[in-house]
1. Across 5 Å bins from 0, what is the distribution of all Cα-Cα pair distances for the chain, in whole percents?
2. Could you state the number of Å between the C-alpha centres of segment 195-263 and segment 53-112?
3. Check residue 127: other-chain or 5+ apart residues with amide H under 5 Å from its amide H, H built from backbone geometry?
4. Once every DSSP H run of n ≥ 4 in the chain is given -39500 (n - 2.57) and the sum is divided by its residues, what mean residue ellipticity at 222 nm do you get, rounded to the nearest 500 deg cm²/dmol?
5. Quick query: amide H of residue 160 versus all other amide H atoms, modeled in the peptide plane; which residues come in under 5 Å with a sequence gap of 5 or more or a different chain?
6. Semi-axes of the equivalent ellipsoid for segment 202-258, please: Cα gyration tensor eigenvalues, times 5, square-rooted, ordered largest first, whole Å.
7. Measure off 7 Å from each Cα along the Cα-to-Cβ vector at residue 120 and residue 161, then give the distance between these two points in nanometres to one decimal.
8. So how far apart, in nm, are the two label points at residue 204 and residue 80 if each is 7 Å from Cα heading toward Cβ?
Amino acid sequence: MKHVQWYPGHMTKARRKIKELLNKVDAVIEVRDARIPISSTNPDIAEIMAGKPQIIALNKADLADKAVNNKWLEYFAQKEQLALLISCKQGHVSKKDKQVIQQYASSYVRKSKITGKPMRVPRLLVVGIPNVGKSSLINALAGRKAARIGAKPGLTRGQQLINISGYFQILDTPGVLWPKIEDRLAGLKLAATGAISDVGFSLDDIVEFIGSKLHAFGVIETDTADHLTALAQSRGFLLAGNKLDIERAKKVLAVEFRNGKYGRFSLEMPPSGENNG
Ligand SMILES: Nc1nc2c(ncn2[C@@H]2O[C@H](COP(=O)(O)OP(=O)(O)O)[C@@H](O)[C@H]2O)c(=O)[nH]1
Ligand SMILES: [Mg+2]
């Protein structure tokens, strides 16, 4: 595995950028991938946030195992961290979730001495590693195409506050955190879920990992190689001379796993549980 971490120059810049954004808000929504709530955060997040109140949005909950999602909620509740299960791909965030965010963030806004009420609407910043759905969440909260989806990290528009009327305001520019890949397994989980676009791993590495997971979950009965053959056959992926196009099958397997075509999977359990692999 090649080294996937950003080099220090980038990191210093990213940190500085986040600090700037943090100054403008009362609280932060940290987006993580619900399938890998540990690997999809930066382990230095607490230090980076410097005490800024934080809501954890376990996004792509629609792709993760329902029962495991609930275990993660229990886990964060035990740690007294506010966490929400979010699926924002369809462009919608529930009223209840918006209210929870609003109430939490409001409690950190200075109160009027006279009325005892917050002096203004709370302001929030969305942060997270690439591809966890930061832009999607901002769009879904805003209820219109307010933030750019799929933009490369660093490619952001001029910062503006978006008014989520009746609830709060969010910065239209998310803060980009960098994943810290502490071991090969964490890297493979990030690659398999699409957080790091295959950087550092070959397609073969990723496909082998996905295949072994699908096998362990009982979704495929054969080994990865046989599954790829069957996939290429059933879809008619052929090269010249009627040879099976296995490379194409690999790409399709990776994409379809990422998008939930094989079902809903969680690749990480809360630390207290078993099966952390
Ligand atoms: N299934 C599913 N896909 C999502 C969800 N949120 C975002 N995505 C997809 O994840 C990819 C990355 O989303 P994007 O918002 O660009 O991530 P960002 O890099 O963190 O801003 C896009 O293909 C989105 O459609 C979700 O809740 N569920
Ligand atoms: Mg984005």
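Any read-out appearing in this document is the output of simple, stated calculations on the displayed coordinates, not a laboratory observation. Just so it is clear, the structure is predicted and the values come from calculations on it, not from any experiment. As a convention, Cβ positions derive from the backbone with ideal geometry for all residues, glycine included, and neighbour counts pool all protein chains shown.
1. With 5 Å bins starting at 0, P(r) equals 1, 5, 12, 15, 17, 15, 12, 9, 6, 4, 2, 1, 0, 0, 0, 0, 0.
2. 33
3. The answer is 29, 30, 31, 175.
4. Values: 9 runs with 103 residues, N = 277.
The helix-only estimate for the chain comes to -11500 deg cm²/dmol at 222 nm.
5. Under 5 Å from the amide H of residue 160 lie the amide H atoms of 172, 173, each far enough along the sequence or on another chain.
6. Numbers: eigenvalues 77, 28, 15 Å².
Equivalent-ellipsoid dimensions as semi-axes: 20, 12, 9 Å.
7. Label at residue 120, label at residue 161, 0.4 nm between them.
8. 5.1
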